[in-house]
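Asks: The structure under discussion is supplied below as structure tokens; questions concerning it will follow.
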Amino acid sequence: MRIWGVEQKRQEFTEFYTSAKDDCLRIVLVSVGDRQLAEDLVAEAFTRAWMSWRTVRAHPVPHAWVVRTALNTHVSWWRKRRHETPSDALPETGTAEVPTADTALTAAIRSLPARQREVITLRVLCDLDTDATARLLGVAPGTVGAHLHRALTALRTQLPSFTDQEVTR
Amino acid sequence: MNDDDIMAAQIMAALRGAKDSLTDVRMDASADSIVARAGRRRLHRGLSVAGAGALALGVGLGVVVSGGGGVTPVSSDKSVHVNLAAWSVNTTSDGLVDVTVRELTHPAAMRQALAQAGVPAYVSFDKFCQPKSGHGLPQINAVLGHSFSGHAVLMTIDPAAMPAGSELVIGMVHAWPGTVTSFSLVKDGPLTCRPADEDMRPPVGNTPTAPAPTSSDTPIPSPTPSS
């Protein structure tokens, strides 16, 4: 019985991994801008998901748990490496040979403070609503709204393609 | 909707478009590799604890059997703690099984204790067994980590990393100056066993470990040969 339980657990995780891995990788790639780094972060996040599968499988949005864990791991790795705050000194983007998200956009996202980057990633890229984002981050819904507003304002000022264009209704 | 709202919507659309443009980006790693990675990490942590001297007698939810007498392991699904003078089998809170072997006695009881802990195993202290094909499953590295502490053999086993229907084959034999060990993971294949003899020696120098013997003298049925 115990072996059967382990196998069922493993099958569940395999199904989740198969269905979520590519989307998680793309979301993290948009956020960090480096393909290899994104793969490492997502692999690490899924490893932790498997090690805590009992918790993660009960999570309302497990793929968002993986994405957030990947981004937090990024912050943690970078802090260890540079002893600096992550928002001020993130790694450079990856090589041109591998597919990557829009460089200006990812650079602008990476320049955001960590919390704003988290909110943008979860709220926009993971398609979570404000309440789900707030629950995942452990903050009030109003705080999510405030961070999202600040993040979008910052992105707008950093992306000439948006500030230069005429807004039409 | 004011200009700010429209611009925010455009930025959000651009972000989603950036993600959607990455359709060719796929995660290459397999689920098995992720699980194996987790298994190695668990083993590493388990071995660190064992190496630090965490060999104390277990006090768990299961009934503990201690001393050198007869062994009748009684356990729940969650916890097994069997501690004899010869060896110990203890489950940990994170699902691993710590085994410490000090004397090579009571192999059948050890097998029973391991089974209670969720580890199907074949244990022999007088011969080495291995798959007739000559090599076992590659997941052995995720399932088992082992080290030595003096004359004791320390093992940390991750039952969750064992493929369905597989069995851990553990062989240990006294040999000068220590203990020769052999481990493999098998599934659905016959085992061949070689009795230990007086000439059993570590293959290189005086290291207490040796790989599984390659010769096969005694074919026996598997996956659960009697010990």
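The values are calculated or read from the model by the stated rules, or taken from the named source; none is laboratory data. As the structure is a computational prediction, the values presented were derived from the model and not from experiment. Heads up: the accessible areas ignore ligands, DNA and RNA and are worked out on the full protein's heavy atoms, side chains in. Shrake-Rupley method; radii C 1.70, N 1.55, O 1.52, S 1.80 Å.
Asks: Leaving out ligands, DNA and RNA but keeping every protein chain, what accessible area does residue B:132 have, in Å² rounded to the nearest 10, with a 1.4 Å probe?
Replies: About 130 Å², ignoring ligands and nucleic acids.
Asks: Moving to a separate point now. Please give the solvent-accessible surface of residue B:103 in Å², to the nearest 10, using a probe radius of 1.4 Å with every protein chain present.
Replies: 90
Asks: I've got another one for you. Please report the buried accessible area for the interface of B with A, total over both chains, probe 1.4 Å, in Å² to the nearest 100.
Replies: Counting protein atoms only, the buried area is about 4300 Å².
Asks: At 0.36 nm per residue, minus the direct Cα-Cα distance, what do residue B:33 and residue B:149 gain on full extension? Give it in nm, one decimal, please. Let's see the in-between values first.
Replies: Values: separation 116, 0.36 × 116 = 41.76 nm, distance 3.03 nm.
Gain on stretching residue B:33 to residue B:149: 38.7 nm.
Asks: Shifting gears a bit: Pop out the ³J(HN,Hα) list for the range A:105-114 in order, Karplus 6.51 cos²θ - 1.76 cosθ + 1.60 with θ = phi - 60°, rounded to Hz; leave Gly and Pro as x.
Replies: 5, 5, 5, 5, 5, 5, 7, 6, x, 3
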